[in-house]
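The values are calculated or read from the model by the stated rules, or taken from the named source; none is laboratory data. Predicted, not measured: the structure shown is a model, and the values here were computed from it. All Cβ positions, even for glycine, are placed from backbone atoms using ideal geometry, and neighbour counts span all protein chains on display.
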Amino acid sequence: MPGVDLYWLPLGAGGRSVRLNGRVFEAVAARLDRRSPCDLYHSALVARVREASFVIEMAPVPGPGGAARGVTVEGAVGSRWAGRLRIFRYEVRCWRDGVIPDLAEAVESPHRLTVDEDLARHLLELTEQVPAPVWGRDELGTGEMWNSNSVTAWLIARSGLLGESIRVPRGGRAPGWQAGLAVAARSGPGVVLPAHVPPEAHPA
């Protein structure tokens, strides 16, 4: 069936190092915000049209062969200088018949955003326009770092996807979501933001 689905994936699923680093980051952030730590999630989209399905997500650059993975945008991780090295680069994929490696660990997913094929195609077109600031930095002045959740939120907002409420799984948090919405909103009054976004991600 044509449409777009949102998946919530635990940060570091399938990788102990990333999971541990994420817990340390959240422990520090929670202490600074004077709240209890939350589970951290990153997000991915699957868009289906008649001829194929496409996995849309941000991920580290694993090596050559970006065309086969449907890479539309690349950016630096940490700093632009470090981005000269492949291990410090990320890519945004629009991967025809692709896979999400940690899909089996997705929580409260999939979340159907639309069954409108035209909206799905529009979202696919927008993947070539995704901003590419440095990952983990706030180069765009949104008050939040740019990451995979920023890409997902930007695409949802720019494509005008509405429908059911969009919520992070219970007890969770999606850092970077607000950054994507804020940057999308700068594109002009024609941008339609989702009816509901995670509580911590409402634009200022």
Report task. Could you tell me whether segment 128-139 includes any residue that is touching a residue at least 24 places away in the same chain (Cβ under 8 Å), in contact with a Leu (Cβ under 9 Å, 6 or more places away or on another chain), farther than 23 Å from residue 175 by Cα and of a type in the set (Val, Ile, Thr)? Result -> no
**Report entry** Top-ranked residue in segment 51-79 [being exposed (fewer than 14 other Cβ atoms within 10 Å of the Cβ) and touching a residue at least 40 places away in the same chain (Cβ under 8 Å); ranked as farthest from residue 180 (Cα to Cα)]
**Finding:** 52
Requested in this report: Just give me the residues in segment 110-122 being loosely packed, with under 14 Cβ neighbours inside 10 Å and either farther than 17 Å from residue 166 by Cα or touching a Phe, Trp or Tyr at 6+ places or on another chain (Cβ under 6 Å) (or both), in sequence order.
Outcome: 118
Query raised in the report: Across segment 112-145, what is the number of residues that are over 14 Å from the mean Cα position of the chain (by Cα) and either basic (Lys, Arg) or assigned to a strand (DSSP E or B) (or both)?
Result: 5
Requested in this report: Could you pull out the residue among 121, 158 that is out of contact with any helix residue (DSSP H, G or I) (no Cβ under 8 Å at 6 or more places or on another chain) and not acidic (Asp, Glu)?
Outcome: 121
Query - segment 38-73, residues that are part of a loop (DSSP other than H, G, I, E, B) and small (Gly, Ala, Ser) - result: 63, 65, 66, 67, 68, 70
Query - Pick from segment 129-158, criterion among the β-branched types (Val, Ile, Thr) and surrounded by fewer than 23 Cβ atoms within 10 Å (Cβ to Cβ), ranking: nearest to residue 78 (Cα to Cα) - result: 134
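This table checks each residue for (1) in a loop (DSSP other than H, G, I, E, B); (2) closer than 19 Å to residue 166 by Cα.
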| site | (1), (2) |
| --- | --- |
| 75 | no, no |
| 79 | yes, no |
| 83 | no, no |
| 95 | no, no |
| 98 | yes, no |
| 101 | yes, no |
| 104 | no, no |
| 108 | no, yes |
**Report entry** Residue that is surrounded by the fewest Cβ atoms within 10 Å (Cβ to Cβ) [pool: residues in segment 80-90 that are out of contact with any helix residue (DSSP H, G or I) (no Cβ under 6 Å at 6 or more places or on another chain) and among the aromatic types (Phe, Trp, Tyr)]
**Finding:** 81
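Under 11 Å from residue 7 (Cα atoms), in contact (Cβ under 8 Å) with a residue 60 or more places away in the chain and among the hydrophobic types (A, V, I, L, M, F, W, C), is that true of residue 113?
Yes, satisfied.
Table: residues versus (1) modelled with pLDDT of 95 or more; (2) under 22 Å from residue 11 (Cα atoms).
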residue	(1), (2)
84	no, no
88	no, yes
94	yes, yes
108	no, yes
111	no, yes
125	yes, no
Query raised in the report: What residue, of 121, 80, is charged (D, E, K, R) and either under 27 Å from residue 169 (Cβ atoms) or modelled with pLDDT under 95 (or both)?
Result: 80
Requested in this report: Test each condition in (1) closer than 18 Å to residue 107 by Cβ; (2) at pLDDT below 90 for residue 193 and report the one that comes out false.
Outcome: (1)
